[in-house]
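J.: Next up is a structure, given as structure tokens.
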Amino acid sequence: MVKICCIGAGYVGGPTMAMIALKCHDIEVVVVDISKPRIAAWNSDELPIYEPGLDEVVKERRGKNLFFSTDVQKHVAEADIIFVSVNTPTKTRGLGAGKAADLTYWESAARMIADVSKTDKIVVEKSTVPVKTAEAIEKILTKNGHGIEFQILSNPEFLAEGTAVEDLLKPDRVLIGGRETPKGQAAIQALAAVYAHWVPKENIITTNLWSAELSKLAANAFLAQRISSINAMSALCEATGANVSEVAYAIGKDSRIGPKFLQSSVGFGGSCFQKDILNLVYICECNGLPEVAAYWKQVVDINDYQKSRFVNRVVGSMFNTISGKKIAILGFAFKKDTGDTRETPAIDVTNGLLRDRALVSVYDPQVTEEQMRRDLSQEKFAWDHPAHIQPASPASAQKVGYVMDPYQATKDAHGVCILTEWDEFKKMDWQKVYDNMVKPAFVFDGRNIINPEELRKIGFIVYSIGKPLDPFVKDVSALV
Ligand SMILES: NC(=O)c1ccc[n+]([C@@H]2O[C@H](COP(=O)([O-])OP(=O)(O)OC[C@H]3O[C@@H](n4cnc5c(N)ncnc54)[C@H](O)[C@@H]3O)[C@@H](O)[C@H]2O)c1
Ligand SMILES: O=c1ccn([C@@H]2O[C@H](COP(=O)(O)OP(=O)(O)O[C@H]3O[C@H](CO)[C@@H](O)[C@H](O)[C@H]3O)[C@@H](O)[C@H]2O)c(=O)[nH]1
């Protein structure tokens, strides 16, 4: 029986390995992690991450050919194929701080693999890494590896959170990069055979190592670039009276452009887009390509601009002062159907509102109070961020209220900010919300999920990103 071990039981390692176990009953899959609570949660009824459909997959295979363990060394030693799916965050200090990927966790995993391995292994980069990481990993493995043969493959993951199970079941493509040697090619085929259990062969793409590593960064840069492009248009729409939804629909009808990823928003969040683009910027700079670096950096800059523009709209619309006013935040996760808050725009928006001394009350159906407070207290790297969305002091996190119900969040509020597109916000009783708010009652829709005209009929003053402005909001447009 082929044995797979995955180091890192996070958003990628957990669901990816669960899918392999589901589709390959002839393979034993063990997911290992240094975090005891995380592994305990994977072995319990309360999985550590929320993903639609994941519970069913895990429950079906756990204890049969899917296992979660903290005994990292034992399972690494026994495995034929080792996936490494550990964190690769942005460096916060030292050379490349604020841009370069921090490979500390990856390197320590590689050293451990080298130390404990007694048989040949295929080592798979599942984490998103800078181009040429495989070369460094190869050096670490071969220098410490007691003559054992290691083949390094790059197999980046393209799943999106909230749709991970669906994405893993029917991936647009599986990408495998390896060395162009007979052994490298054999390793590619061994991994391709795993995916071939359920992915059509034509969707399994094989390339050299560097193309696979770079394709992951390029894919995220292109996706994020579309969001920043439509968000840049949203500002122009507000200035001209055009409607960003109509513009997105019209341009998306062009089959060369396509309709996806043109949803204007308060900004993209998530653990990947910003981190991976900054990493790409750094790689370009290191390769003597400052113009290319500056081009991609703009994608992140526009994203920061969009978040600060949103805060300015809130403050400007409410007569330039939100001091002491209650503002409800509906949705804290970086997108719907996930409890993940990494780099969520809600952090910057909440901190922006707190800086203007608002009384903020947060509701999110999946984010815990503890998580929200940790997010608001954490120092983010301060690199190139507009001054007014700099992180607030940790003490300010205590000033934020956390409630279990959207009606409680909005009661006695002056304004409501919709920051995650949860379906339940579309179905809310907005008349009830209005009746319990201070007047004039404002709604700032950072996701364009409510019908502004219907809410205006109730009496709300509505700001929807990139849509024709309410006269109330229009008057302050010079401030934004
Ligand atoms: N989250 C996504 O949607 C997504 C999608 C595609 C790619 N990626 C990439 O995949 C990688 C992992 O992302 P994630 O979201 O799963 O992160 P995560 O933080 O959810 O999980 C990483 C896990 O690795 C564990 N870990 C770190 N060092 C370890 C070590 N030496 N030994 C054992 N365990 C260790 C951590 O405890 C953590 O549980 C990142 O490079 C990310 O960029 C993420
Ligand atoms: O039209 C859009 C689409 C998305 N977003 C926002 O963009 C962010 C990222 O969304 P999405 O890409 O759906 O989620 P992620 O889970 O971050 O997935 C991205 O990042 C992963 C990690 O690298 C990749 O694997 C995926 O392919 C890539 O889509 C979220 O804040 C969304 O709300 C918009 O504002 N407008």
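The values are calculated or read from the model by the stated rules, or taken from the named source; none is laboratory data. Just so we're clear, the structure is a prediction, and the values are computed from it rather than from any experiment. When we count neighbours, we look across all protein chains shown, and the Cβ atoms used for this are built from the backbone with ideal geometry, even at glycine. Each accessible area value is taken on the protein alone, full model and side chains, heavy atoms only, with ligands, DNA and RNA left out. Shrake-Rupley method; radii C 1.70, N 1.55, O 1.52, S 1.80 Å.
J.: List, please: which pairs have Cβ atoms under 7 Å, are six or more places apart or on different chains, and start with a residue in region 181-196 that is assigned by TED's automatic domain parsing to the domain that holds GLU135 and open to solvent by 50 Å² or more (accessible area, probe 1.4 Å) and end with one that is in a helix (DSSP H, G or I) and aromatic (Phe, Trp, Tyr)?
T.: Note: no pairs meet the criteria.
J.: For the subset of region 25-41 comprising residues that are touching a residue at least 40 places away in the same chain (Cβ under 8 Å) and in contact with a Phe, Trp or Tyr (Cβ under 9 Å, 6 or more places away or on another chain), which member is nearest to ligand 2 (Cβ to nearest atom)?
T.: Out of the qualifying residues, it is VAL32.
J.: Among all residue pairs at least 6 apart or on different chains, which show Cβ distances below 9 Å where the first residue, located in region 150-170, is within 20 Å of GLY269 (Cα to Cα) and the second is part of a strand (DSSP E or B) and within 11 Å of ligand 1 (Cβ to nearest atom)?
T.: Qualifying pairs under 9 Å: PRO156/GLU125.
J.: Quick one: count up the residues across region 68-125 that are within 16 Å of ligand 2 (Cβ to nearest atom), closer than 24 Å to VAL194 by Cα and outside any loop (DSSP other than H, G, I, E, B).
T.: 5
J.: Which of the residues that make up region 253-269 are surrounded by fewer than 24 Cβ atoms within 10 Å (Cβ to Cβ) and within 10 Å of ligand 2 (Cβ to nearest atom)?
T.: Scanning region 253-269 gives PRO259, LYS260, PHE261, LEU262, GLN263.
J.: Moving to a separate point now. Please enumerate the residues belonging to region 121-177 that are more than 10 Å from ligand 1 (Cβ to nearest atom), on the phi < 0 side of the Ramachandran plot, open to solvent by 10 Å² or more (accessible area, probe 1.4 Å) and among the small types (Gly, Ala, Ser).
T.: Correct list: ALA136 only.
J.: Continuing with the same structure: What are the pairs with Cβ atoms under 6 angstrom where one residue, in region 206-225, is in the same structural domain as GLU138 (by TED's automatic domain parsing) and away from ligand 2 (no atom under 16 Å from the Cβ) and the other, located anywhere, is open to solvent by 50 Å² or more (accessible area, probe 1.4 Å) and in a helix (DSSP H, G or I)? Sequence gap at least six, or different chains.
T.: none
J.: Okay, next question. Search region 92-112 for residues being free of Cβ contacts under 8 Å to residues at least 60 places away in the same chain and touching a strand residue (DSSP E or B) at 6+ places or on another chain (Cβ under 7 Å), and hand back the single one that is surrounded by the fewest Cβ atoms within 10 Å (Cβ to Cβ).
T.: Out of the qualifying residues, it is ASP102.
J.: Among the residues of region 333-351, write down those that are more than 11 Å from ligand 1 (Cβ to nearest atom) and open to solvent by less than 10 Å² (accessible area, probe 1.4 Å).
T.: ALA333, THR341, THR344, PRO345, ALA346, ASP348, VAL349, THR350, ASN351
J.: While we're looking at this one, here's another question. Among the residues of region 71-90, write down those that are under 22 Å from ALA186 (Cβ atoms) and in contact with a Leu (Cβ under 8 Å, 6 or more places away or on another chain).
T.: If the condition is that a residue be under 22 Å from ALA186 (Cβ atoms) and in contact with a Leu (Cβ under 8 Å, 6 or more places away or on another chain), then ILE81 is the only one that fits.
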